[in-house]
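Structure, as structure tokens:
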Amino acid sequence: MNIPVIDIDPFAKDVLENPYSYHEQKREAGPVFWLEKYKTFGMVRFAEVRAALLDHERFISGRGVGLADFAKEKPYRPPSLLLEADPPSHDQARAIMNGVVSPASLKALEPVWRERAEALVDRLVEQREFDAVRDFTEVFPMLVFPDAVGLMDEGREHLLTYAMAVFNAFGPRNEIFLKGEEDAGAAAGWVAEACRRTNLKRGGWGMAIFEAADNGACTQEEAERLVRSLLSAGVDTTVNGLATALFALTEFPDEWNKLQAQPRLARKALEESLRWDSTVQTFFRTTSRDVEVDGTNLPEGSKVLLFLAAANRDPRKWDQPDIFNIDRLTSGHVGFGAGIHQCLGQMVARLEGQLALTELAKRCKKIRATGPVVRRLNNTLHAIASLPVAVEPA
Ligand code: OVP
């Protein structure tokens, strides 16, 4: 085959730790390349990644958005009706969810979420030193998201464990995946229970999905699985998106100073952080027919690894892409994907991020790391286990 061959394993530990130092070689190799270790295609340039995301008819999701091809292997769990589905069934499921996770529902939640952010940040700033991940970004989403869904109180600590395993499972069955699987057994059992109508509280997003089912939008079994999507996608993503934003602000103190002077920039800071280091680093698609990319034929049934995070640092698209700059125009970034699958929870993530960063910026003059960032390796997410920080109250 007449295309560049890449021998680097994108799921190797040192690559997952610092993926960015490995993107340049792939980006220069060409618009599409062959990943020898997994016998799949890959793309890292912004234009091609975005085009593939938008072309959902030829780059499909229904055969899975991980390495496993659902046409050839049985999925490890019943496929997501959203993430791992194509039109027309995808669009029906998505319409239900758009009605549930709506701007109006978020508007109603915002005052309570703000109070919880204020109380948490008040306490952390009083401490002066804390772990930005363990004490803040792993805590805040858990103070707001499970209640919004209407989850049962008992066992919520399983949520993060479950999500870690789900995101590992999009990758190969490497050591990281297998370790996640060990932890996930009990968590998966809890999640299955938590998604059941009888275990959901009234007034939450979960029960709203079942009410849509009552009105004929889907079956009760499908409703359960849609609740599972919220639990899979809604926790580890926001925990690490916010963690990355805090890491970026400690790495680039001038950007913190801008935010501190104008806490209204919190939204922009979060968005730039998603561009600078996208929480979801990669997703696969599968070609539904022969597809030509820049003169190369991708045969029907090919898995294609799309590097969202690399696209968001393509110098063909972004000036000084490695620089975190909260004044930057970030529109078009693919950190939330693009096209029909574009993140359903993006407004939830933005609200959580905005509240957390705003309240911190209002209360602290400075924030600095007091020790090294510790990564938590995951096959899909660029995750942080620990980031010790000290703050100077405003
Ligand atoms: C990032 C996502 C991730 C994991 C699971 C699901 C969605 C799901 O729909 O189950 S989107």
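Quick one: length gained pulling residue 201 to residue 322 fully straight, 0.36 nm per residue minus the C-alpha distance?
On the way: separation 121, 0.36 × 121 = 43.56 nm, distance 4.41 nm.
This chain segment gains 39.2 nm when fully extended.
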### Query
Which whole-number percent is the relative contact order of the chain (Cα, under 8 Å, 6+ apart)?
26
### Query
Using a 1.4 Å probe, how large is the accessible area of residue 316, given in Å² and rounded to the nearest 10?
120
### Task
Would you mind computing, in nm to one decimal, how far apart the modelled labels at residue 365 and residue 7 are, each placed 7 Å from Cα along Cα→Cβ?
5.5
### Query
Contour minus end-to-end for residue 251 and residue 385, with contour as 0.36 nm per residue of separation and end-to-end as the Cα-Cα distance?
46.6 nm
### Query
Using unit Cβ charges (K, R positive; D, E negative) and no other charged atoms, how large, in debye to the nearest 20, is the dipole of the stretch 21-118 about its Cα centre?
180
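Keeping all protein chains in place, calculate the accessible area per residue for the chain (probe 1.4 angstrom), answer in Å².
42
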### Message
If I ignore ligands, DNA and RNA and count only protein heavy atoms, how much of residue 303 is accessible to a 1.4 Å probe, in Å² to the nearest 10?
### Response
20
### Task
In a Gaussian network model over the chain where Cα atoms closer than 10 Å are linked, find which of 270, 124, 305 has the largest mean-square fluctuation.
124
## Note on the structure
Once Lys and Arg are counted +1 and Asp and Glu -1 for all other residues with Cβ under 14 Å from that of residue 315, the total becomes +3
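Leaving out ligands, DNA and RNA, what percent of the accessible area of the stretch 99-251 is carbon and sulfur, probe 1.4 Å? Write out the running numbers ahead of the final one.
On the way: 3260 of 6470 Å².
Roughly 50 percent of what the probe reaches on the stretch 99-251 is carbon or sulfur.
What is the sum of charges, Lys and Arg at +1 and Asp and Glu at -1, for the other residues whose Cβ falls under 9 Å from the Cβ of residue 253? Numbers along the way, then the final one.
Working: positive: 366, 368; negative: 251, 254, 255.
Net charge in that neighbourhood comes out at -1.
Is the shape of the stretch 1-129 best called rounded, prolate or oblate, per the rule: a/c under 1.5 gives rounded, else a/b larger than b/c gives prolate, else oblate, with a ≥ b ≥ c the square roots of the Cα gyration tensor eigenvalues? Walk me through the numbers before you get to the answer.
Values: a/c = 2.42, a/b = 1.40, b/c = 1.73.
Oblate.
Taking 0.36 nm per residue of sequence separation and subtracting the Cα-Cα distance, how much length would be gained by fully extending the chain between residue 74 and residue 128, in nm to one decimal?
Numbers: separation 54, 0.36 × 54 = 19.44 nm, distance 4.99 nm.
Full-extension gain reported as 14.4 nm.
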### Query
Going through the stretch 300-394, which GluC sites (Glu not before Pro) have at most 15 other Cβ atoms within 10 Å and a DSSP loop state?
300
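Which shape class applies to the chain: rounded if a/c is under 1.5, otherwise prolate when a/b exceeds b/c and oblate if not, where a ≥ b ≥ c are the square roots of the Cα gyration tensor eigenvalues?
Values: a/c = 1.69, a/b = 1.14, b/c = 1.49.
Oblate.
Give me the dipole magnitude in Debye, nearest 20, for the stretch 201-347 about the Cα centre, with unit charges on the beta carbon: positive for Lys and Arg, negative for Asp and Glu. Kindly include the intermediate steps, with their values, before the conclusion.
Working: 16 positive and 20 negative charges, 62 e Å.
Dipole size: approximately 300 debye.
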#### Entry: Residue among 302, 235, 257 farthest towards the positive dipole end of the stretch 198-319, charges placed on Cβ
257
### Task
About the Cα centre of the chain, how large is the charge dipole given +1 on each Lys and Arg Cβ and -1 on each Asp and Glu Cβ? Please answer in debye to the nearest 20.
460
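Is the stretch 148-307 rounded, prolate or oblate when judged by the Cα gyration tensor, a ≥ b ≥ c being the square roots of its eigenvalues, rounded requiring a/c under 1.5 and prolate requiring a/b larger than b/c? Each step should come with its number before you reach the end.
Details: a/c = 1.67, a/b = 1.11, b/c = 1.50.
It comes out oblate by the Cα gyration axes.
So what is the calculated 222 nm ellipticity per residue for the chain, using -39500 (n - 2.57) for each DSSP H run with n of 4 or more, over all residues, to the nearest 500 deg cm²/dmol? Intermediate values should be presented prior to the final figure.
On the way: 15 runs with 181 residues, N = 394.
It lands at -14500 deg cm²/dmol.
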### Message
If packing is taken as the average count of other Cβ atoms within 10 Å, what order do 43-53, 325-335 fall into, highest mean first?
### Response
43-53, 325-335
### Message
Quick check: net charge around residue 72, other residues with Cβ under 11 Å of its Cβ, Lys/Arg +1 and Asp/Glu -1?
### Response
+1
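Let me check against my output: what whole-number percent is the relative contact order of the stretch 210-287, with C-alpha pairs under 8 Å and at least 6 apart? Write down the numbers at each step before the final one.
Numbers: 32 pairs, mean separation 20.9, N = 78.
It comes to 27 percent, rounded to a whole number.
The values are calculated or read from the model by the stated rules, or taken from the named source; none is laboratory data. Every value quoted in this text rests on a predicted model; they were computed, and no experiment measured them. Here Cβ is always computed from backbone atoms with ideal geometry, including for glycine, and neighbour counts include all displayed protein chains. Ligands, DNA and RNA are excluded from the accessible area calculation, which covers all protein heavy atoms including side chains. Shrake-Rupley method; radii C 1.70, N 1.55, O 1.52, S 1.80 Å.
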